[in-house]
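Some notes on the structure that comes next.
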Amino acid sequence: ATNHVHFKCQFYDRRRVCVQHQSLDERSQTHFEDIYTIRIHEPTLRELMLIQSLYACGNVGELSALVRSQPSPELFFKVFLELDQKSLLSFLAFDRRSIEFMLSDRSQRFIDPAFPVFFKNCDGRSAIDTALDLNQIRSVNMMIDYICKYQNSAVYAHLFRFNLVDLLRKQVTCAPLFRSQVFRREVAYFEWPSLSVSTRECFAPFNKSVFELRYEYPEVFPELHALD
């Protein structure tokens with residue numbers, strides 16, 4: 001199984017970066033599963049001027065005031081090639097007041113649910129990692145609440161693959177995350193038995209990608225596999 005990144009550029013104003021998972025079934029047929037898609041935007045002159053103004057702010061207070069003075073937070077969710085395929089939210093993750101403005105319930109009408117707000121950037125980090133490194137615990141809590149509410153899928157478990165220990169160590173509120181579907185994925189695959197001699201719940205550690213779980217039944221539950 002492998003992951004693929006496709007860059008769709010048939011339409012200049014509708015560019016996409018799509019992450020897909022490729023796998024083979026029991027008949028050796030190839031299947032592609034969409035993981036998530038990022039839309040690439042073309043910045044307008046006004047947006048470029050605002051981005052420049054953000055960098056020209058003398059302190060965090062000025063930056064927060066500028067962010068919250070915008071009529072809508074739509075700009076901060078857009079992904080630009082000029083920003084190294086990141087959104088402004090990733091750059092503003094250090095400021096709690098800006099994050100609070102962007103992730104408020106009133107901002108949801110400006111967010112396209114087809115595209116995630118939180119994802120790993122080209123450097124392998126997300127806005128969560130930036131806020132966590134700067135001990136912005138309230139910002140991290142707001143981000144986790146948003147993910148549990150609007151990105152509640154095992155697709156986004158990769159956001160917490162390397163920072164979960166730090167989240168717990170810094171006393172981030174992780175209960176909503178553990179109750180969500182982010183760390184849960186139903187497996188419907190021929191290598192996992194539909195009927196088992198054991199009906200009890202079993203827990204086992206698994207540190208690989210959630211998309212590799214379908215192939216790992218003998219390794220994750222060796223005793224049950226031997227019984228089956």
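Among the conditions (1) more than 19 Å from Ile144 (Cα to Cα); (2) without any contact (Cβ under 8 Å) to a residue 24 or more places away in the chain; (3) within 21 Å of the chain's Cα centre (by Cα), the only one that Gln70 does not satisfy is (3). Residues in the stretch 19-45 that are farther than 22 Å from Gln151 by Cα and among the β-branched types (Val, Ile, Thr): Thr30, Thr44. Scanning the stretch 193-228 for residues that are touching a His at 6+ places or on another chain (Cβ under 9 Å) and at pLDDT below 75 turns up Pro193, Ser209, Val210, Phe211.
From the set of residues in the stretch 20-32 that are in a strand (DSSP E or B) and touching a residue at least 24 places away in the same chain (Cβ under 8 Å), which is nearest to Phe80 (Cα to Cα)?
From the stretch 20-32, those in a strand (DSSP E or B) are 20-24, 30-32; that's our starting set.
Those still in the list that are touching a residue at least 24 places away in the same chain (Cβ under 8 Å) too: 21, 23, 32.
Details: His21: 24, Ser23: 31, Phe32: 26 Å.
Per the criteria, the residue is His21.
Go through the residues of the stretch 77-93 one by one and say whether even a single one is in contact (Cβ under 8 Å) with a residue 40 or more places away in the chain, part of a loop (DSSP other than H, G, I, E, B) and either on the phi > 0 side of the Ramachandran plot or assigned by TED's automatic domain parsing to the domain that holds Gly124 (or both). So far as the stretch 77-93 goes, yes, one or more of its residues are in contact (Cβ under 8 Å) with a residue 40 or more places away in the chain, part of a loop (DSSP other than H, G, I, E, B) and either on the phi > 0 side of the Ramachandran plot or assigned by TED's automatic domain parsing to the domain that holds Gly124 (or both). Criterion first (assigned to a helix (DSSP H, G or I), in contact with a Cys (Cβ under 8 Å, 6 or more places away or on another chain), touching a residue at least 12 places away in the same chain (Cβ under 8 Å) and in the same structural domain as Gln85 (by TED's automatic domain parsing)) does Leu132 satisfy it? It is false that Leu132 is assigned to a helix (DSSP H, G or I), in contact with a Cys (Cβ under 8 Å, 6 or more places away or on another chain), touching a residue at least 12 places away in the same chain (Cβ under 8 Å) and in the same structural domain as Gln85 (by TED's automatic domain parsing). Once the stretch 96-123 is narrowed to residues that are assigned to a loop (DSSP other than H, G, I, E, B) and touching a residue at least 40 places away in the same chain (Cβ under 8 Å), the residue that is surrounded by the most Cβ atoms within 10 Å (Cβ to Cβ) is Phe119.
Residues that are under 17 Å from Ile144 (Cβ atoms) and in contact with a strand residue (DSSP E or B) (Cβ under 8 Å, 6 or more places away or on another chain) occur at least once in the stretch 103-118.
The values are calculated or read from the model by the stated rules, or taken from the named source; none is laboratory data. Computed from a prediction, not measured in an experiment: that's the story for all the values here. Every residue, glycine among them, receives a Cβ derived from its backbone with ideal geometry; neighbour counts consider all protein chains shown.
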